[in-house]
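Asker: Just passing along the structure, written as structure tokens.
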Amino acid sequence: QVQLVESGGGSVQAGGSLRLSCAASGYPSSTYCMAWFRQAAGKQREWVAYSTNYGTTRYADSVKGRFTISRDNAKTTLYLQMNSLKPEDTAMYYCAAKGGASCSGYETGYNYWGQGTQVTVSS
């Protein structure tokens, strides 16, 4: 059983910062990539960023320069540092993990998902 548990969500004013965490238990040895997705009310879920097990990171255009994804030394905890938050960042944020040798921004490629943590940015 693999479980991903997000934390760190909350409410913040525009321009503020939050750091999200995702802790994994029962993590598979084959896991190579972890990622963040988000889903705003009434919209489809979208990819935010991913991190490989060797440190390569990629970001969606909408968050480049503002968000930073990182992992701990064991590569079982994922973080998302969110700076310069905007109201359009308001969404439920989901942690996801993917087994295999490559990462992607496609939701269907990820094997494990957390329950989400809400981020609300007020103007």
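The values are calculated or read from the model by the stated rules, or taken from the named source; none is laboratory data. Note that the structure is predicted; figures quoted are calculated from it, not measured. Ideal geometry is used to build each Cβ from the backbone, glycine not excepted, and the neighbour counts take in all protein chains shown. All accessible areas refer to the heavy atoms of the entire protein, side chains included, with ligands and DNA or RNA removed. Shrake-Rupley method; radii C 1.70, N 1.55, O 1.52, S 1.80 Å.
Asker: Consider Arg19 against the criteria (1) out of contact with any Gly (no Cβ under 9 Å at 6 or more places or on another chain); (2) open to solvent by 60 Å² or more (accessible area, probe 1.4 Å): it satisfies all of them except one. Which criterion is unmet?
Answerer: Of everything listed in (1) out of contact with any Gly (no Cβ under 9 Å at 6 or more places or on another chain); (2) open to solvent by 60 Å² or more (accessible area, probe 1.4 Å), Arg19 misses just condition (1).
Asker: Could you pull out the residue among Gly42, Gly8 that is over 16 Å from Lys86 (Cβ atoms), out of contact with any strand residue (DSSP E or B) (no Cβ under 8 Å at 6 or more places or on another chain) and not polar (S, T, N, Q)?
Answerer: Going through Gly42, Gly8 in turn, the sole match is Gly42.
Asker: In the stretch 1-14, what residues are of a type in the set (S, T, N, Q) and either assigned to a strand (DSSP E or B) or in contact with a helix residue (DSSP H, G or I) (Cβ under 7 Å, 6 or more places away or on another chain) (or both)? I'd like the intermediate steps shown before the answer.
Answerer: Initially, the stretch 1-14 is screened for residues of a type in the set (S, T, N, Q), giving 1, 3, 7, 11, 13.
Across the stretch 1-14, the qualifying residues are Gln3, Ser7, Ser11, Gln13.
Asker: For Arg19, which of the numbered conditions (1) part of a strand (DSSP E or B); (2) at pLDDT below 95 fails to hold?
Answerer: (2)
Asker: For the stretch 92-123, what are the residues that are open to solvent by less than 60 Å² (accessible area, probe 1.4 Å) and more than 17 Å from Val5 (Cα to Cα)?
Answerer: Gly99, Gly100, Cys103, Ser104, Gly105, Gly109, Thr120, Val121, Ser122
Asker: Among residues belonging to the stretch 40-55 that are more than 11 Å from the chain's Cα centre (by Cα) and not charged (D, E, K, R), point out the one that is farthest from Leu78 (Cα to Cα).
Answerer: Gly42
Asker: Same structure, new question: Inside the stretch 69-90, can you point out the residues that are of a type in the set (A, V, I, L, M, F, W, C) and either crowded, with 22+ Cβ neighbours inside 10 Å or in contact with a Ser or Thr (Cβ under 8 Å, 6 or more places away or on another chain) (or both)?
Answerer: Ile69, Leu78, Leu80, Met82, Leu85
Asker: Turning to a different aspect of this structure: Return the total of residues in the stretch 55-112 being of a type outside the set (Gly, Ala, Ser), part of a strand (DSSP E or B) and over 22 Å from Ser25 (Cβ atoms).
Answerer: 7
Asker: What pairs come out if I take residues in the stretch 1-16 that are farther than 13 Å from Thr90 by Cα and pair them with residues that are basic (Lys, Arg) and outside any loop (DSSP other than H, G, I, E, B) whose C-beta lies under 6 Å away, six or more apart or interchain?
Answerer: Note: pairs meeting the criteria are Gly8/Arg19.
Asker: Condition first: hydrophobic (A, V, I, L, M, F, W, C) and in contact with a helix residue (DSSP H, G or I) (Cβ under 8 Å, 6 or more places away or on another chain). Can you find one or more residues in the stretch 15-35 that meet it?
Answerer: Within the stretch 15-35, none of the residues are hydrophobic (A, V, I, L, M, F, W, C) and in contact with a helix residue (DSSP H, G or I) (Cβ under 8 Å, 6 or more places away or on another chain).
Asker: Could you please give the count of residues in the stretch 22-39 that are open to solvent by 30 Å² or more (accessible area, probe 1.4 Å), part of a strand (DSSP E or B) and within 18 Å of Ala74 (Cβ to Cβ)?
Answerer: Looking only at that region, the number is 3.
Asker: Is it true that some residue in the stretch 28-50 is free of Cβ contacts under 8 Å to residues at least 60 places away in the same chain, touching a Cys at 6+ places or on another chain (Cβ under 6 Å) and under 24 Å from Gly109 (Cβ atoms)?
Answerer: The answer is yes; a qualifying residue exists.
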